[in-house]
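**Q** Right, I'll just put the structure down here and ask away after.
The values are calculated or read from the model by the stated rules, or taken from the named source; none is laboratory data. Predicted model only: the values in this text are computed from it and were never measured. Because the Cβ atoms are built from the backbone with ideal geometry, glycine has one as well, and the counts that use them run over all protein chains shown. Heads up: the accessible areas ignore ligands, DNA and RNA and are worked out on the full protein's heavy atoms, side chains in. Shrake-Rupley method; radii C 1.70, N 1.55, O 1.52, S 1.80 Å.
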Amino acid sequence: MDLLWVLYSMLTVCMAINLEAPGSHSMFTCESITLRMCQGLSYNTTFMPNLLNHYDQQTAALAMEPFHPMVNLECSTEIRPFLCALYAPVCTEYGRVTLPCRHLCQRAKSDCYKLMDMFGVSWPDEMECSRFPECDESYPRAIDLLPRSDGTEESPSPVQRDYGFWCPRELKMEPDMGYSFMGVRDCSPPCPNMYFRKDELIFARYFIGVISIVCLSATLFTFLTFLIDVGRFRYPERPIIFYAVCYMMVSLVFFLGFLLEERVSCNSASPGRFRASTVTQGSHNKACTLLFMTLYFFTMAGSVWWVILTITWFLAAVPKWGSEAIEKKALLFHAVAWGVPGALTITLMAMNKIEGDSMSGVCFVGLYDLMALRWFLLVPLALDVVVGVVLLLAGVAALNRVRMEIPLEKENQDKLVKFMIRIAVFSVLYLVPLLTVIGCYLYEQSHRSVWETTWVQERCREYHIPCPFQVEQTSRPDIALFLIKYLMMLVVGIPSVFWVGSKKTCFEWASFFNGNRKKDRAVHESRQVLQEPDFTQLLLRDANTPVVRKSRGTSTQGTSTHASSTHLAMLDEPPSASTSRASSFHGSLHRSRDGRYTACSYRGVEERVPQGSTLRLNDPLQHCAANRLDSQSRHGSLQRLESQSRHSSVRDLSITAQAIQSSPGNGIHRVVEEDATKA
């Protein structure tokens with residue numbers, strides 16, 4: 001009969017009182033009563049959380065305050081035992097959960113109803129008398145205090161209950177602000193970071209600050225180099241500049257976080273309201289929202305620009321697109337590179353997923369919310385890596401196939417190999433840090449629940465919340481993991497400075513500081529392979545056809561068939577003459593057995609000189625004499641053309657074209673030879 005009564009009481013408790021148990025915590029143990037109102041009763045131990053889900057006696061005391069006038073005025077002899085039966089229930093050695101009788105509730109309510117109405121206190125719904133068992137005994141009942149009658153059976157172990165995570169009073173936030181911590185609404189993580197000691201956080205903050213300064217300097221140098229000579233960096237390498245700008249902004253945000261410390265990422269403590277310092281969440285803090293928007297937007301945009309960089313390399317290497325053809329797609333590239341990160345940023349703001357990072361001083365996403373970490377960091381970054389690597393490997397394979405199957409001059413072979421090496425080095429310098437960041441995120445999201453359980457177990461008594469229940473594994477994160485994550489998030493922008501670093505960059509900066517804006521247009525040898533306008537012709541030409549090399553005067557631009565120096569030389573001529581001369585240059589070249597160009601090779605050119613010219617070199621001897629004159633002037637012409645800017649080259653080449661009509665032979669040779677050796 002006693003057993004049936006216990007089962008009936010426990011069933012009634014489950015039906016009448018809502019006990020939350022969402023997590024994996026606490027031991028159901030007895031503790032001494034500290035509530036002043038409930039001291040001096042026939043029992044002196046209780047258990048927490050109580051039947052009304054107050055996780056400690058301090059919280060229960062605050063909830064009992066409205067009933068103090070009724071107890072002090074003794075409106076009923078039953079009011080005090082009834083209230084203590086709910087707020088500080090008796091704890092037996094067997095852990096039985098018992099409820100007060102219904103008649104006890106009815107007498108207390110009827111005796112004190114008028115006084116409660118006078119003080120403006122309403123009878124709570126959770127204390128409605130119909131929820132309690134039908135009986136008429138005082139509390140606690142005699143059966144609650146008796147030891148177990150059957151001594152032959154084993155004494156049961158203390159009852160264990162799973163209460164989940166209870167948000168401490170110090171970490172509670174105002175409702176409807178969107179705060180959430182460990183699945184509990186209106187709760188925020190403590191600040192500073194709950195996993196590390198104070199000295200570790202100080203070291204980490206200075207570490208992040210130093211790395212952010214280094215990365216900011218490198219990316220700013222890349223961007224300023226681009227501004228000095230905007231025309232130098234065209235597609236397919238132009239995305240490197242935007243990539244550098246993105247990580248320059250990322251470094252700037254981390255540097256600001258270093259300066260701000262915890263003033264933006266954390267809410268200030270309110271001791272008068274029993275509020276500790278907590279992590280900022282949501283978009284209510286404008287400064288935190290601005291830092292989040294800048295950091296997340298440019299982090300995602302930087303990864304997208306790297307994918308676009310691999311796309312432009314692919315277009316230049318596989319379908320042999322020229323710089324101008326790729327540049328026509330620039331609007332689409334910008335729409336994707338800025339639009340996709342913008343949409344993700346707006347989505348996170350709408351979902352209120354902004355979180356302060358007390359370690360770095362910035363605001364980001366996925367620091368405490370695993371769902372946001374998976375879908376807004378891991379998935380986009382992993383997708384960018386997969387797409388970028390596939391396109392990169394396809395482009396490198398195409399260039400290698402060109403090197404192996406199509407006969408090229410040894411000089412072009414070396415340039416192609418150097419360019420492939422530069423692409424590989426740049427890609428490794430980007431992919432290694434990015435893959436490390438993704439690995440840190442994966443490790444973090446797989447161990448987050450263990451870290452949180454360990455933290456609750458260590459701080460539960462301090463916060464007066466239920467301690468973890470049946471903990472199988474405990475672990476604390478290593479500070480080195482987070483330092484590596486922040487390091488790789490920042491150094492991923494540094495590879496851009498290795499791409500622009502060359503002798504030409506040094507000359508440009510020297511000219512800039514000296515005030516000389518007419519810079520040398522010479523191009524570093526390792527940056528000319530895909531830049532030369534004739535690269536496509538090199539790949540598609542017949543093996544027996546000689547090569548005429550031309551250059552635009554800019555850095556590596558991918559394969560292009562436009563804007564050669566021949567075209568510049570003909571800008572001042574009539575359309576008919578320009579067309580005739582262009583066809584002559586590309587169709588009338590022959591090489592002798594000793595590998596040299598002879599004057600006879602240019603017969604077609606000389607016979608097509610525009611009307612009115614006195615130039616007629618039909619005699620082979622005159623051609624050979626002209627060739628000798630040309631070989632004497634070739635070295636001087638080369639030095640003059642290579643030391644001039646593009647505009648000067650156009651003027652000089654135009655003058656040279658006019659000289660064809662007045663000089664007996666060597667003018668046409670000088671134009672062709674200078675054009676062939678310009679690069």
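**Q** Tell me, what is the FRET efficiency for Asn400 and Ser217 to the nearest 0.05, using R0 = 45 angstrom and their Cβ-Cβ distance as r?
**A** Once the sixth-power term is evaluated, E becomes 0.80.
**Q** Continuing with this model, one more query. Within segment 274-428, what whole-number % of the accessible surface is contributed by carbon and sulfur, with the 1.4 Å probe and all protein chains included in the calculation?
**A** 73
**Q** For segment 171-207, which trypsin sites (Lys or Arg not before Pro) are both in a DSSP coil and crowded by at most 13 other Cβ atoms within 10 Å?
**A** Listed in order of number, the matching sites are Arg197.
**Q** Continuing with this model, one more query. Explain nothing, just the number: relative contact order of segment 254-376, from Cα pairs under 8 Å at least 6 residues apart, as a whole percent. Show your work: numbers first, answer last.
**A** Working: 148 pairs, mean separation 47.4, N = 123.
In percent, rounded to a whole number, it is 39.
**Q** So for Leu52, Leu373, what's the accessible-area order with a 1.4 Å probe, most first?
**A** Reading off the accessible areas and sorting them downward yields Leu52, Leu373.
**Q** Applying 1/(1 + (r/R0)^6) with R0 = 51 Å to the Cβ-Cβ distance of Asn72 and Ile202, what FRET efficiency is obtained, to the nearest 0.05?
**A** Efficiency, from the Cβ-Cβ distance: 0.50.
**Q** For segment 329-377, what is the accessible area per residue in Å², given a 1.4 Å probe and the full set of protein chains?
**A** Using a 1.4 Å probe on heavy atoms only, each residue of segment 329-377 averages 38 Å².
**Q** Using the Cα atoms of segment 459-520, I'd like the radius of gyration and the largest Cα-Cα distance, Dmax, both in angstrom.
**A** Computed over the Cα atoms of segment 459-520, radius of gyration and Dmax are 26.7, 76 Å.
**Q** Tell me, what is the 1.4 Å probe accessible area of Met173, in Å² to the nearest 10?
**A** Ignoring ligands and nucleic acids, Met173 comes out at about 30 Å².
**Q** Loop-only check: which GluC sites (Glu not before Pro) in segment 438-520 are DSSP coil with at most 14 other Cβ within 10 angstrom? Could you put the intermediate results ahead of the total?
**A** Values: sites: Glu444, Glu452, Glu458, Glu462, Glu472, Glu508; in loops: Glu472.
Filter output for segment 438-520: Glu472.
**Q** May I ask you to give the solvent-accessible area per residue for segment 235-275, in square angstrom, as obtained with a 1.4 angstrom probe?
**A** Values: 1620 Å² over 41 residues.
Result: 39 Å² per residue.
**Q** Moving on to the next point. What residues qualify as long-range amide H neighbours of Thr278, i.e. H under 5 Å apart, gap of 5 or more or another chain, H built at 1.01 Å from N?
**A** Cys191, Asn267
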